[in-house]
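Asks: Let me give you the structure first, and then I'll get to my questions.
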Amino acid sequence: MTLGPTSRISRGVIPLVAFAAISAALDVYAGNRFQTVDPLTVTAISFTLAAAFFLTGEVLRTGAATALRPLRTQRYDVIAINVTTAASWLGLFYALKYLEPAVVNVVSLAVGPVFTVVFGPLLRRGSSVLTTEVVASVGIIGLIGVLAWGSITGRSGVGELSTQDAVLGVGLTLVCGLGTAANVIYSKRLSDAGLTPRSVLALRFFLLIALAWAGLATVDEPGLAVAFVPSVAIAAVGVALPLYLIQVGIRHTEPITVSLLFTLSPLFAFLFQLPDRRLSVSGLTLVGILGTTALVVAGVVARGRVDARRRRGRCAIVDAYGIGRFLPAALRRHGVAYLHVRSEHPDRHLLYRPEDFEVDLPHSGDVAATAARLREQGVTFVVAGAESGVQLADALSRELGTPGNGMRRPSCRRDKHEMELAIREAGLASAETFASPDVEEIVSWANDRGDWPVVLKPLASCGTDNVVFCHSPAEIRQWHGTILAATDRYSRRNTSVLVQRCLTGDEHFVNTVSRGGVHHIVEIWRCFKRSVGEGRSVYDFEYPLPPDDPTAREIGDYVLGVLDALEIHNGAGHSEVMMTKDGPVLIECGARPGGSHVPEIVSRCLGTDQIETLARAIARPDDVVRRRIPPYQIRTHVRYLNLISPRGGTMTAESLAPLRALESFHDMVLTIPEGTPFPRTVDLATSPGYVYLISDDPAQIAVDYERLRELEQETLYNGAV
């Protein structure tokens, strides 16, 4: 479920060690140049160039709207990383003007582990700190005190300093260290939210640049010409490259490990500063560096052991009902251990296989308590198996600190009104909605628009549950009361009603899998509905579109934006989209696997399926992040159709025989056992099952479909209730 040992070293530790070496070289070079060049001038030029490079690259790669979207969707973390970036770099550059580079390096970077131990669990909920890391951090505090004393008393490589300069240098170094440590945590938060290293680098320098140029505006002779060459060198080698390396390293390691590896930089700095004639060799500085390095090794080894144990962790499936019941077998194929968590209100209309689970934990409402039990079981990933598990999976992921979805507005992944607002705020086409428990407010909204019919449904509906088309205020009043008086599929009372603009066009659904904010489109299907009277409709049949179909491509691109807007970063997604005359518009999106399909059959027809892809993404997330999963291909024609009972009845082996005899018949799943009475079909919950028709000849499928609907009117449901 996590990167293997070799991959973890290459993607996390090695970039951070390279960063330590390059940043040490920067400190030595900058410390030398700042004796004659104003640090503020270098800051202004260097970071303006670096920001222009990263922001331009991100705009060219993703477009201006996408590149700047985190300013809106993750604004508080973006502000925080700008503040900490400004503090760390301004503190560093001015400290280097006064103190020995190796001392500045070790003090500023060694503050990181201490800060992370104290504040890491608060700023990044669910992260943990080891006892060894606490002991290492305490030792580092002692070494910081020794090195600060050496600088003030003239025992560092710089020699004698005025007390004022020494204290100012130490104070600025501490500011730099605190800023760097906080910067690591906020970078990790943005990475957890799905931002790539390049996207973070494009947005983190705005405040630093503004402060630097504002400061220069008050200086009579800023020395821009003299500072230009050093500034370009610092921007290219000392800022752009190491910052990219650190962002890559942060993405693949824990904040405490990042902070500890940073403290290797002073050893490099001590070696690199030996040729500088301005400095002498200080035994005190060397002892401090070696002691710090020893503590680094202790902390990293301890964290490595814990990570090794976590690699043998489990996946928790929340509500493995319906399509989710196929996930345990897929996880077994990929060597992933798993357990089950039952939410308080699962959808018991759906099929479930309790025999698949050795551990089945009921959730009683206390997220912290359930998370504690999952932590004891070694759970390292939580995934929703069905719609009823979406919110609990999100909450548990956040509590555990495991990869999950964004939590800026988690309700938008269940509440259809919040969903539409999030889509609209992201600048995507959306269907106008309004929600209220007051029927007259709903009627007023519909009358003001004057566009009939409108759609009424519960705020958290699914499976066409109480989804109705209303053509007049009278019908709104009738159905509004009916919806409020009913419970949803999870036995929860409806407390409000959603009214939505009725979309016209061709309906589709898109199934996706995401890891780390990178999305993979598993399949795109065209689907059709059929009216069953009284303003209701049910899903009739559906078939897949080729991935290179122009409509499929347009819908797929739109859905990728939807997933970002709803902060679906890790797990499955099921998006229902109407292709209108103006382009694709979201009907609704679920952060869970889609539909009632049989994965094995879908794989036979498309070469892949969502459940298998989800299991692969859990076992090997890099396959999604690095886009190693090939697109689906239509290998044969398939039509999935729901059974629609026009009057209710029962099904028997005899009545089903003509259906099974259809030439393109492949398989059938009954949601109501043979011989059991059922009512007429008004939504998916009252559909008695579904059928797959598969053939190399699409005309044969069309003929068999018509014959099946004729059988439904004749003898398929041969008993009355």
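Asks: Once fully extended, how much extra length lies between Ala657 and Val167, figured as 0.36 nm per residue of separation less the alpha-carbon to alpha-carbon distance?
Replies: 167.4 nm
Asks: Relative contact order of region 5-308: what whole-number percent is it, with Cα pairs under 8 angstrom and at least 6 residues apart?
Replies: Computed over region 5-308, the figure is 39 percent.
Asks: Using only Cα atoms, find the angle between the long axis of helix 224-233 and the longest principal axis of the chain, and express it within 0 to 90 degrees, rounded to the nearest 10.
Replies: 60
Asks: Let me ask something else. Compute the projected area of the convex hull of the Cα atoms of region 442-522, averaged over all viewing directions, and report it in nm² to one decimal place.
Replies: 7.3
Asks: Ordered by residue, what ³J(HN,Hα) values in Hz, to whole numbers, does region 16-26 give under the Karplus form 6.51 cos²θ - 1.76 cosθ + 1.60, where θ = phi - 60° and Gly and Pro are x?
Replies: Whole-Hz 3J(HN,Hα) from phi for region 16-26: 6, 5, 4, 4, 4, 5, 5, 5, 5, 4, 4.
Asks: Next up: Size of the dipole of the chain about the Cα centre, Lys and Arg at +1 and Asp and Glu at -1 on the beta carbon, nothing else charged, in debye to 20?
Replies: Dipole about the Cα centre, nearest 20: 2200 debye.
Asks: Same structure again: Report, by chain and number, residues whose modeled amide H sits under 5 Å from the one on Val382, excluding near sequence neighbours (fewer than 5 apart, same chain).
Replies: Sorted by chain and number, the residues that satisfy this are Ala316.
Asks: Something else: How big is region 327-480 along each principal axis, measuring the range of its Cα positions in Å and listing the largest first?
Replies: 56, 32, 30
Asks: Another question about this same structure. Taking the Cα atoms of region 604-685, what is the range of coordinates along each of the three principal axes, in descending order and whole Å?
Replies: Largest to smallest, the principal-axis extents are 51, 28, 19 Å.
Asks: Can you give the Rg and Dmax of region 641-721 based on its C-alpha atoms, in angstrom?
Replies: 12.1, 39
Asks: Can you tell me the length gained on complete extension of the stretch Ala52 to Asp438, counting 0.36 nm per residue apart and subtracting the Cα distance?
Replies: Result for the pair: 133.8 nm of gain on full extension.
Asks: Thr636 to Cys502: extension gain in nm, 0.36 nm per residue of separation minus the Cα-Cα distance?
Replies: The span from Thr636 to Cys502 would gain 44.9 nm if fully extended.
Asks: Using Cα atoms only, what is the angle between the long axis of helix 698-713 and the major principal axis of the chain, expressed in degrees (0 to 90) to the nearest 10?
Replies: 60
Asks: Also: Which of rounded, prolate or oblate describes region 534-612 when judged by the alpha-carbon gyration tensor and an a/c cut-off of 1.5?
Replies: rounded
Asks: Considering only Gly238, Tyr338, Met407, whose Cα is most displaced toward the positive end of the charge dipole of the chain, charges sitting on Cβ of Lys, Arg (+1) and Asp, Glu (-1)?
Replies: Gly238
Asks: Can you sort Ile45, Ile629 so the residue with the fewest Cβ neighbours within 10 Å comes first?
Replies: Ranked by crowding around the Cβ, least crowded first: Ile629, Ile45.
Asks: Under 1.5 on a/c is rounded, so check that first for region 314-402, then, if it is not, pick prolate when a/b is larger than b/c and oblate when it is not; a ≥ b ≥ c are the square roots of the alpha carbon gyration tensor eigenvalues.
Replies: Oblate is the answer for region 314-402, as a/c is 1.5 or above yet b/c matches or exceeds a/b.
Asks: Relative to the first principal axis of the alpha-carbon coordinates of the chain, what is the inclination of helix 39-62, with its axis defined by its Cα atoms, in degrees from 0 to 90 and to the nearest 10?
Replies: Roughly 20 degrees, rounded to the nearest 10.
Asks: Taking the convex hull of the Cα atoms, report for region 5-308 its projected area averaged over all directions, in nm².
Replies: Averaged projected hull area, Cα only: 15.2 nm².
Asks: Still on this model: Using a 7 Å offset from the Cα along the Cα-to-Cβ direction at both Thr36 and Asp557, what is the distance between the two label points in nm, to one decimal?
Replies: Taking the two extended label points, one gets 5.4 nm.
Asks: Cys502's amide H: which non-local residues (gap 5+, or another chain) put their own amide H closer than 5 Å, with H modeled 1.01 Å from N in plane and none for Pro or chain starts?
Replies: Correct list: Val455.
Asks: Evaluate the relative contact order of region 314-402 (contact order divided by residue number), counting alpha-carbon pairs under 8 angstrom at least 6 apart; express in whole percent.
Replies: Normalised by residue count, the contact order of region 314-402 is 41 percent.
Asks: Given q = 0.12 Å⁻¹, what are the Debye log10 I(q)/I(0) values for the chain, with equal point scatterers placed on the Cα positions and solvent ignored?
Replies: -1.25
Asks: Rounded to the nearest 500, what is the chain's calculated 222 nm mean residue ellipticity when only DSSP H runs of at least 4 contribute -39500 (n - 2.57) each, over all residues?
Replies: Here the helix-only value at 222 nm equals -16000 deg cm²/dmol.
Each value in this text was obtained by applying a stated rule to the coordinates, not by laboratory testing. Since the model is a prediction, treat every value here as computed from it, not as a measurement. Note that each Cβ is placed from the backbone with ideal geometry, even for glycine, and that neighbours are counted across all protein chains shown.
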